[in-house]
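First up is the structure itself, then whatever we jot down about it.
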Amino acid sequence: MTAAERLIDAVAGGEASAREVCEAAIARVESTDARINAFTEHTFARARREADAVDARRAAGERLGPLAGVPYAVKNLFDIEGVTTLAGSKINRGHSPAREDAVLVQRMKAAGAVLVGALNMDEYAYGFTTENTHYGPTRNPHDTSRTAGGSSGGSGAAVAAGEVPLTLGSDTNGSIRVPASLCGVWGLKPTFGRLSRRGSYPFVHSLDHLGPLAASVRLLALSYDALQGPDPLDPGCHALRSQPVHHLLERGIAGLRIGILGGYFQDNATAPARAAVAAAASTLGASEEVAWPDAALGRAAAFIVTAAEGGSLHLQDLRTRAGDFEPLSVDRFIAGALEPASWYLNAQCFRRVHREKIHALFSKWDLLIAPATPVHAPTLGTEWLDINGSRQPCRPAMGLLTQPISFAGCPVVAAPMWPQSTGGLPIGVQLIAAAWREDIALRAARVLEQSGAAHL
């Protein structure tokens with residue numbers, strides 16, 4: 001049992017109060033975060049109130065929620081009542097504080113979780129390394145000279161550093177899976193449209209997902225269950241009903257058809273990333289190589305959609321306040337705003353065809369394994385990577401292996417692996433299932449976790 005699981009059971013069983021757990025988390029944040037820089041805002045007063053409310057419900061004999069007393073934090077693009085939603089930017093500092101919590105924050109509170117703060121990220125989620133000029137870089141807890149990944153870098157680092165066992169992040173092109181891979185934590189990108197996005201600052205409406213990162217698969221599944229539910233006020237939320245998965249974790253993988261993504265996914269992975277996949281495949285009993293249709297085209301089309309929608313969203317500020325943008329992203333936003341409409345329309349048309357091909361692929365396979373990142377965590381400031389003899393720009397290259405999957409909208413669990421060739425640093429694998437089958441990816445993750453092949 002992980003420390004995160006013991007925490008849940010201790011509060012539920014009355015062996016520890018939610019207030020005691022809350023104070024311990026606050027102390028860890030205060031003692032650790034100067035080194036990691038995961039947090040941009042503390043909500044400690046709120047956390048104490050929420051913890052006290054959990055304890056009061058228990059004292060009254062009321063039933064506690066599934067996340068009762070669990071400390072968590074959210075990427076700073078989630079609305080938190082009374083807090084300005086920064087989305088990693090300087091420009092948003094001038095906005096009024098949020099008037100209410102984001103829907104997913106509301107659902108976490110209803111489940112008994114205790115919010116301790118907001119987390120660092122790449123500006124407007126346009127990046128993969130959380131080297132934020134405005135708020136400083138988030139550092140990898142396993143080696144503070146290295147990146148935590150992004151854009152949900154604060155979300156990955158806070159879990160890996162033991163500050164909180166659970167966080168929420170967003171994933172447009174890989175922004176949950178990349179920090180999960182580099183920080184060695186569990187991350188879930190649900191099916192596109194599964195979770196409400198209302199109350200989160202957008203990046204790319206056509207591709208944005210929200211989801212949890214956690215210290216254990218059990219906590220990942222519990223939080224995912226708590227976050228589910230239709231939202232008629234979010235036109236991008238396509239889920240008609242909840243599909244709880246926590247009770248399915250111990251079902252195992254017997255009878256599942258599991259393959260290994262080859263071709264593009266092997267060509268763009270270094271030796272440690274391939275070793276991580278091999279270890280996961282061995283544990284899950286997978287041996288057959290599978291081709292993901294048009295993976296390179298999927299990534300290219302995702303780039304076009306991302307640039308066009310991101311640039312359009314920020315067009316007014318690009319015209320009047322370009323100097324206040326993050327230097328690492330402003331040129332890409334401007335380029336996206338100038339992108340021909342025909343490129344965008346063609347990319348969206350291709351997306352429909354691409355999804356049909358992926359749907360057909362999952363008629364033959366239940367689960368596919370792929371590397372999550374081409375390399376383990378690079379040092380901060382790295383500009384170029386050597387990936388199997390190909391010189392690639394570091395920041396966009398971190399999404400080489402996640403973007404094609406996001407483009408298809410499939411659910412993915414990022415599972416941490418620890419190949420010997422990384423010198424003690426983690427690197428993750430993607431466990432990819434068909435749309436709406438998060439349960440399959442989480443069952444496979446649980447097998448990896450219990451085998452010891454993946455650990456925190």
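What follows draws every value from the coordinates through simple rules; no lab data is involved. The model shown is predicted, which means the values in this text are computed figures rather than measured ones. Note that each Cβ is placed from the backbone with ideal geometry, even for glycine, and that neighbours are counted across all protein chains shown.
What residues have an amide H closer than 5 Å to that of V83, excluding those fewer than 5 places away on the same chain, when H is modeled at 1.01 Å from N in the peptide plane?
Under 5 Å from the amide H of V83: A98.
Measuring from centroid to centroid over Cα atoms, what is the spacing of the stretch 33-104 and the stretch 191-219 in Å?
Their Cα centres are 16 Å away from one another.
Using helices alone, what [θ] at 222 nm do you get for the chain, with -39,500 (n - 2.57) per DSSP H run of 4 or more residues, divided over all residues and rounded to the nearest 500?
-11500 deg cm²/dmol
Suppose each label sits 7 Å from its Cα in the direction of the beta carbon; what would the A16-E62 distance come out to in nanometres?
It works out to 2.3 nm between the two label points.
Roughly what percent of Cα-Cα pairs across the chain reach past 38 Å?
In whole percent, the share of Cα-Cα pairs in the chain beyond 38 Å is 15.
Collect residues whose amide H, placed 1.01 Å from N in the peptide plane, falls under 5 Å from the amide H of V290; neighbours closer than 5 in sequence don't count.
When sequence neighbours closer than 5 places are left aside, the close amide H contacts are I260, L261, G262.
Going by average Cβ neighbours within 10 Å, how do the peptides 39-51, 177-189 rank, with the highest at the top?
The densest-packed peptide leads the list: 177-189, 39-51.
Relative to the present Cα-Cα distance, how much length would full extension add between A360 and L240 at 0.36 nm per residue of separation?
Length gained, A360 through L240: 40.9 nm.
Starting from the amide H of R146, placed 1.01 Å from N in the peptide plane, find each other amide H under 5 Å away whose residue is 5 or more places distant or on another chain.
It is N140, L380, by chain and number.
How high is the relative contact order of the stretch 21-179, given as a whole-number percent (alpha carbon pairs under 8 Å, six or more residues apart)?
Here the relative contact order equals 27 percent.
Considering Cα pairs under 8 angstrom that are at least six residues apart, work out the relative contact order of the stretch 3-451 and quote it in whole percent.
17 percent
With charges set only on the Cβ (+1 for Lys and Arg, -1 for Asp and Glu), what does the dipole of the stretch 45-148 come to about its Cα centre, in debye to the nearest 20?
The dipole of the stretch 45-148 has a size of about 180 debye.
Taking the mean number of other Cβ atoms within 10 Å as a proxy for protection, how do you rank 255-267, 194-206 from highest to lowest?
Top of the packing list down: 194-206, 255-267.
Return the ratio Rg/(2.2 N^0.38 Å) for the stretch 374-439, where Rg is computed over Cα atoms only.
After normalising by residue count via 2.2 N^0.38 Å, the value is 1.28.
Over the alpha-carbon set of the stretch 1-118, divide Rg by the Kirkwood Rh and report the Rg/Rh ratio to two decimals.
My calculation of the ratio gives 1.00.
Which whole-number value in Å³ per residue fits the convex hull of the alpha carbons of the stretch 145-283?
147 Å³
Using label points projected 7 Å from each Cα along Cα→Cβ, tell me how many nm separate E289 and A271, to one decimal.
1.9 nm
Report the label-to-label distance for A341 and A24 in nanometres (one decimal), using points 7 Å from each Cα along the Cα→Cβ vector.
Placing both labels 7 Å along Cα→Cβ, they lie 5.8 nm apart.
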